[in-house]
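S.K.: One structure follows; several queries about it will come next.
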Amino acid sequence: MQGGWDTAREVTRRVGRGVADAGRATARAGRATLRAGKATAGGTARAGKATARGAQKVGKATRRLTHANGADRTGLGRLIELTAGHSGGDALVTVALASTVFFGVPVGEARGPVALYLVITMLPFALLAPFVGPILDRFRSGRRYVMAGTLFGRGLLCFAMAAAVGPGDLPTLFVGALGVLVLSKAYNVSRAAIMPSVLPADITLVSANARVALFSLISAGVMVPVAAGLTAWLGSAAVLRTAMVAFLLIGVLAVRLPRHVDSPELEEEEGRPLRWRTLLNVGPAVAEAVWANVAIRLFSGFLLFFLLFLVQDKGVPWLATPDPFFDIPKTIALLAAAAGLGGLVGAVVANWTRNHSPHLITLLTLAVTGATTIATAVFFGLWTAVAISLVTAFAQELGKLALDAIVQREIGEEVRSSTFGVVEAVLQLAWVFGGLIGLLLSLAESSAAGLVTLAVALTGTFGWLIVRRRKRIRATARGPKAATQTDQEDQTDQGAWDDEDRRADRRDQRVDTTLDTTKPLTNPNG
């Protein structure tokens, strides 16, 4: 009996020692886990702080760039940041709609919806173009609120489109996308019209427009992959709701722009007719730049849809090999990267062209585009397709910035929004018409036919503009009477419109050259 108790006590002691050892091991493991958790938390905190410091440095560097050369005092810096946010929101909407409207259908079935979308896109500009500009001119004393209204409106449309994504309500998506496009153009018209009001004394109009375009392109380029990742993770509806929040917040920033961007109301002259702007009465200098940009924009729309469907149908030579390295997705990505790089380079080059004539820039961009198109038609291949995508985007960006500067310099304050409304509408219609031509010619699956056709059109437009320009210069050299006769031959009733423009310009110069303490260090002549 005594031996049994001894054995039990020995077993109990061993069990107790085992439990104690296990407890000590657990405690040691807990301490090790705690140390590992502290190390992980410390590493995460350090990484977060490093990320925050990096973001803060990037933000400060961006602020220094946007507010350089007096842009912080005139309001140009705020306008650049506002427009960058506007472009980022548009990128969110574009990526969110891409998977539902276009890329969600097979290639053979995509041409019909895309053509329908282009036609629907073209109709409102053809119907609303005569009214958008004059309406904005009537509200030039409240341009901040007009810009904010376009942003708030896009936010509400994004909310409606997000609700339509789930059930696949295509009419609502089309109408919403159309409304976003129209409001985006209205914002661009208002932003371009107020540019002379925020122009610092040390910056030209071309450089200021280029600075706005450069940061807009960077913002859109950053938001495209972010939007693609969010779309793949959360879906298109969530991205549209994110865009809604972004537009509403940016709209608040638009209201906080400096007050001097709102132009004072000018007294209307008695008996003065309502000044409706068309391409025939914007003046010969503006019309020349518009026609050059129309040709480039038409070719841009053509090239986008022509190359896209040509690649999708494997109608290009580098996809005819059994196992090509650049397959369809890689080819589309390469062409898109070339177009994005071309637009970025165009904005950078425009910022460098401080003392060059914007009229010369528009003609040079058209000439470069035509020459590159001819070379691509003769030596069509992967790298020539990349080259023409890059050059077309470059010419489109640089030519549009030069055109904006010409309009801002040549057109009076009271009709500047009307002129920009006409210009934006004409350029949008040209792009849509070019896209429809690209859709039709892509059915032939022949790269030479489409490129040769557009090369002839670009070359003919360039020659026609050169002849008109030389004719106008020679008439001006012969004297004012000959110049007036030439202008009357070129444009109906242009002399009366030019007289009104000169009177408006003189009034604007008298107003602008007056010292305004709310608008320091601005350039009175643009």
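S.K.: Please turn the phi angles of segment 186-195 into ³J(HN,Hα) values with the Karplus equation 6.51 cos²θ - 1.76 cosθ + 1.60 (θ = phi - 60°), one per residue in order, whole Hz, x for glycine and proline.
M.R.: Coupling constants for segment 186-195: 5, 4, 4, 5, 5, 5, 5, 5, 8, 4 Hz.
S.K.: Something else: Could you sort 434-443, 79-88 so that the peptide with the highest average Cβ count within 10 Å comes first and the rest follow in order?
M.R.: The packing order, highest mean first, is 79-88, 434-443.
S.K.: Oh, and also: At most 14 other Cβ atoms within 10 Å and a DSSP loop assignment: could you name the GluC sites (Glu not before Pro) in segment 397-462 that fit?
M.R.: Hits after loop and neighbour filter: 445.
S.K.: Of all the accessible heavy-atom surface of segment 338-486, with the other protein chains kept in place and a 1.4 Å probe, what percent is carbon and sulfur? Could you put the intermediate results ahead of the total?
M.R.: Values: 4280 of 6140 Å².
In segment 338-486, the share of accessible area belonging to carbon and sulfur is 70 percent.
S.K.: Still on this structure, please answer the following. When the chain is fully extended, how far beyond the present Cα-Cα distance does residue 449 get from residue 156, taking 0.36 nm per residue of separation?
M.R.: 101.1 nm
The values are calculated or read from the model by the stated rules, or taken from the named source; none is laboratory data. In this text, all values refer to a predicted model and were calculated from it rather than measured experimentally. Please note: Cβ atoms are built from the backbone with ideal geometry, for glycine as well, and neighbour counts cover all protein chains shown. Only protein heavy atoms, including side chains, enter the accessible area calculation; ligands, DNA and RNA are left aside. Shrake-Rupley method; radii C 1.70, N 1.55, O 1.52, S 1.80 Å.
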